[in-house]
Amino acid sequence: MTSLHTALLQSSGRPGDVAHNLTVLEDAARAAAATGAALLACPELFLTGYAIGDGIHRLAEPADGDSARAIGRIAAEHGIAVLYGYPERAGADTVHNSAQLIGPDGSRLANYRKTHLFGCFEREWFTPGDQAVVQAELHGARIGVMICYDVEFPENVRAHALAGTDLLLVPTAQMHPFQFVPESVIPVRAFENQMYVAYVNRVGEEGEFEFVGLSCLAGPDGVVRTRAGRAEQLVQADADLAFLKESRENNPYLHDRRPELYGPLT
């Protein structure tokens, strides 16, 4: 496959209602697959909702739990890979803010735990992950995963670039007044690291938060291939692997780095 047709589900679902959100996900998978999409990406904590307080721990599931199996069945039925955000239970008292990639055959391909927690809310309910680069192979593309705030640290994205990520999936819960991140930061991250970046956001009011939408897929030339507005929306675009190869040949950022100068950063 020389191009990975990718669908972004911009939705907050129904906070606290896992069954409803699985239905929304399945409807989106069906619609995306009907247009030839090979991958559907959903927002941060899409499975449960974001601003649900102690519902985070109550609804948390292991990576191989009931919802993972349900999404595996959805992916296999429609022949489409699915990335979804969820609270991952990893022990009696440990919950991670995670995102899992399910393959088009229903198998679990990758599970990522958010490494940079944002604000008091996330630090109260989640334990940060400790693995910066999580990848999987899908239709000839190397897929990377991170979550929301993680992408705002340039070192994080550069680590993916050095590891060969072609398409970086970033489920997010980006809120007002930080809309400049999807508008400006994401296209720059894609360009400076020579990769595609799919940034898929929640939308609307939820608890104390107002999510800004503006989900997008940006290319290695810094050009946004598709962008959602401020409402529930399914948008789609191609991650063209042939164009990516050409772009990397013409943009020598990674080749021209001088790592010996960067030691003081860490």
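Below is a table of values for the structure above.
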quantity	calculated
Residues of the stretch 71-100 that turn out to be of a type in the set (Lys, Arg) and outside any helix (DSSP H, G or I), as a count	1
Subset of the stretch 206-245 (residues that are in contact (Cβ under 8 Å) with a residue 40 or more places away in the chain, under 20 Å from Val151 (Cβ atoms) and of a type in the set (A, V, I, L, M))	Leu214, Leu217, Ala228, Val235, Ala237, Ala239, Leu244
Test: residue in the stretch 91-104 that is open to solvent by 10 Å² or more (accessible area, probe 1.4 Å), within 25 Å of Ala141 (Cα to Cα) and in contact with a Ser or Thr (Cβ under 8 Å, 6 or more places away or on another chain)	no
In the stretch 244-266, the residues that are within 30 Å of Ser3 (Cβ to Cβ) and either touching a Gly at 6+ places or on another chain (Cβ under 9 Å) or in a helix (DSSP H, G or I) (or both)	Leu244, Lys245, Glu246, Ser247, Arg248, Glu249, Asn250, Tyr253, Leu254, His255, Asp256
Given (1) more than 30 Å from Gly53 (Cα to Cα); (2) not in a helix (DSSP H, G or I), index of the condition Asp130 fails	(1)
The one condition in (1) more than 25 Å from Ala163 (Cα to Cα); (2) over 17 Å from the mean Cα position of the chain (by Cα) that His139 fails to fulfil	(1)
When residues of the stretch 1-33 are limited to those that are touching a residue at least 40 places away in the same chain (Cβ under 8 Å), open to solvent by less than 40 Å² (accessible area, probe 1.4 Å) and part of a loop (DSSP other than H, G, I, E, B), the one farthest from Met146 (Cα to Cα)	Gly16
The stretch 34-57, residues that are open to solvent by 30 Å² or more (accessible area, probe 1.4 Å), over 15 Å from Tyr86 (Cα atoms) and either modelled with pLDDT under 95 or not in a loop (DSSP other than H, G, I, E, B) (or both)	Ala34
Positions within the stretch 235-266 being more than 21 Å from Ala190 (Cβ to Cβ) and of a type in the set (A, V, I, L, M, F, W, C), in sequence order	Leu261, Leu265
Among the candidates Asp166, Asp150, residue that is closer than 24 Å to Ala90 by Cα, in contact (Cβ under 8 Å) with a residue 12 or more places away in the chain, in contact with a helix residue (DSSP H, G or I) (Cβ under 8 Å, 6 or more places away or on another chain) and open to solvent by less than 60 Å² (accessible area, probe 1.4 Å)	Asp150
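The values are calculated or read from the model by the stated rules, or taken from the named source; none is laboratory data. Computed from a predicted model, the values in this text were never measured in an experiment. We place every Cβ from the backbone using ideal geometry, glycine too, and count neighbours over all the protein chains shown. Heavy atoms of the whole protein, side chains included, go into the accessibility calculation; ligands, DNA and RNA do not. Shrake-Rupley method; radii C 1.70, N 1.55, O 1.52, S 1.80 Å.
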